[in-house]
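None of the figures in this text is laboratory data; all of them are computed from the coordinates on show. Not measured: the values here are computed from a predicted model. Methodologically, a virtual Cβ is constructed for each residue, glycine included, from the backbone with ideal geometry; neighbour enumeration extends over all protein chains shown.
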Amino acid sequence: MRFIYFFFISIIFLSCYKSGSKKKEKSIIIVEKKLLDNNFQVYIPEKNSSGDSIVNSISEWKDLKIAIEDLTKVNPNEIETFLDESLIKCNKLLNNKKSNLISRPEVRGRLKVLKTNILKCKFDNHRDDLKNLNKNLKKLFLSYEILFETLEGF
């Protein structure tokens, strides 16, 4: 008699276990992002120009330049990491009190615009809004270009 009860309880337990695992498998949805626009181009300062010498002389500028350039080559599923890195590099520059160049209002303002565009891209990526992400990436690269053109003026 105990054997029969044990048998029925084990059958009920196994049937519940299998049906529960099927529900979990159905609820998992894999979301793949569409490809981002591939026509992004980033501003590269001319060799031996004043902007290039500034970038090479201050390690934070060089790190920011590399981080922004990496955004043009990134896989859309991994863009969040690159945006975080770019934001960290931009914040390091804004918090740098040693450089007279960074304390200049026109450079500081351009860095803040760049930071704002990075934050907009992070927000759009978080919402999976690829249309606005592409639009804001273009604005980010434009603000990056204007920042380096400002540096060229010194």
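Set the bar at 24 Å for Cα to Cα. Now go through Lys98/Lys135; Lys65/Lys112; Lys97/Lys135 and name every pair that lies beyond it.
Beyond 24 Å: Lys98/Lys135; Lys97/Lys135.
Can you tell me how much longer the chain between Leu119 and Ser59 gets when fully stretched, taken as 0.36 nm per residue apart minus their C-alpha distance, in nm with one decimal?
Using 0.36 nm per residue and subtracting the Cα-Cα distance, I get 19.3 nm.
Where in the range 95-154 are there trypsin sites (Lys or Arg not before Pro) that are in a DSSP coil and have at most 14 other Cβ atoms within 10 angstrom of their Cβ?
Hits after loop and neighbour filter: Lys97, Lys98, Arg127.
Work out, step by step, the length gained on full extension between Arg104 and Ile146: first 0.36 nm times the residue separation, then minus their alpha carbon distance; give nm to one decimal.
Gain in length upon complete extension: 13.6 nm.
Taking other Cβ within 10 Å of each residue's Cβ, how do Ser15, Ser86 sort, fewest first?
Result, fewest neighbours first: Ser15, Ser86.
Given Cα pairs under 8 Å that are at least 6 residues apart, what percent is the relative contact order of the range 50-152?
Dividing the mean separation by the residue count of the range 50-152 yields 28 percent.
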